[in-house]
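Working notes, structure below.
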Amino acid sequence: GALRLASRTTDAGDSEILRVDADALSVIYTCTVMENCAPVHFDKDNKQIYLETSKGDQDLSRLALLDPAAGNETLVESDPLGKVDFGEALFSEKTDTLIATIYDDEKQRYYFKDKGFGADYALIQKKLGGKQLAIGSTTADEQRWLITANSDTEPGETYLFDRATKALTLQYRIRER
């Protein structure tokens with residue numbers, strides 16, 4: 001519950017990420033108005049910060065880890081196909097580990113870091129005929145997921161997925177007809 005990071009925009013339009021110490025704010029990362037940088041999530045050990053950044057000679061944004069004590073940046077991942085900016089990171093609410101990265105291309109592409117989540121996602125996709133999926137929310141134990149599926153002919157349907165039984169139960173469709 002203690003404030004550890006802050007971000008601000010300078011008068012020139014540049015972005016700064018600051019470490020909040022007991023008696024001062026310390027700039028630990030900057031990017032120009034033509035770049036992007038934003039904290040995403042603390043790592044599971046609460047020592048480093050996942051950061052989305054396009055700082056430097058990079059055409060596309062990427063996911064990096066930033067050490068707020070030393071200011072060191074380590075690349076985690078950029079688009080494996082080299083086509084689009086970094087999209088989103090999914091983290092386990094239970095373990096605070098990185099579950100997946102997502103890139104918005106013609107269709108969203110998921111890259112799972114957690115094999116169990118990846119296998120269940122693939123199973124759901126197979127059951128739903130390859131529709132585009134989005135994990136909406138999960139229970140605290142991550143055993144039940146709300147999944148939204150859509151396609152060129154399906155504007156949106158929501159399912160409850162039980163990871164233990166692998167049951168997929170339709171909850172509702174946004175346009176029944």
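The values are calculated or read from the model by the stated rules, or taken from the named source; none is laboratory data. Not measured: the values here are computed from a predicted model. Don't worry about glycine lacking a Cβ; one is built from the backbone with ideal geometry, like all the others, and counts go over all protein chains shown. Just so you know, the surface numbers come from the protein's heavy atoms only, side chains and all, with ligands and any DNA or RNA stripped out. Shrake-Rupley method; radii C 1.70, N 1.55, O 1.52, S 1.80 Å.
Evaluate the following for A122: is it touching a Phe, Trp or Tyr at 6+ places or on another chain (Cβ under 9 Å) and of a type in the set (A, V, I, L, M, F, W, C)? Taking the combined requirement at face value, the residue satisfies it.
Restricting the range 7-28 to residues that are within 17 Å of Q48 (Cα to Cα) and in contact with a Ser or Thr (Cβ under 8 Å, 6 or more places away or on another chain) leaves a set whose member that is surrounded by the most Cβ atoms within 10 Å (Cβ to Cβ) is I17. Criterion first (free of Cβ contacts under 8 Å to residues at least 40 places away in the same chain, part of a helix (DSSP H, G or I) and either in contact with a Gly (Cβ under 7 Å, 6 or more places away or on another chain) or of a type in the set (F, W, Y) (or both)) does Y121 satisfy it? Judged against the criteria, Y121 is a match. Annotation: D85 fulfils all but one of (1) open to solvent by 40 Å² or more (accessible area, probe 1.4 Å); (2) farther than 18 Å from F112 by Cβ; (3) in a strand (DSSP E or B); (4) of a type outside the set (V, I, T); the unmet one is (3). Taking the criterion of being touching a helix residue (DSSP H, G or I) at 6+ places or on another chain (Cβ under 6 Å) and not aromatic (F, W, Y), the only residue of the range 76-124 that qualifies is I99.
Filtered by the rule that a residue be closer than 22 Å to K94 by Cα and loosely packed, with under 15 Cβ neighbours inside 10 Å, the range 42-67 gives K44, D45, N46, K47.
Filter the range 88-105 down to the residues that are part of a strand (DSSP E or B) and touching a residue at least 40 places away in the same chain (Cβ under 8 Å), then identify the one that is surrounded by the most Cβ atoms within 10 Å (Cβ to Cβ). Steps first, answer last, please.
Residues of the range 88-105 part of a strand (DSSP E or B): 88-91, 98-104.
Checking which are touching a residue at least 40 places away in the same chain (Cβ under 8 Å) leaves us with 89-91, 98.
Working: A89: 18, L90: 18, F91: 18, L98: 22.
This residue is L98.
Applying the criterion of at least 1 residues that are touching a strand residue (DSSP E or B) at 6+ places or on another chain (Cβ under 8 Å) and among the acidic types (D, E) to the strands (runs of 3 or more DSSP E) found wholly in the range 131-177 leaves 157-162.
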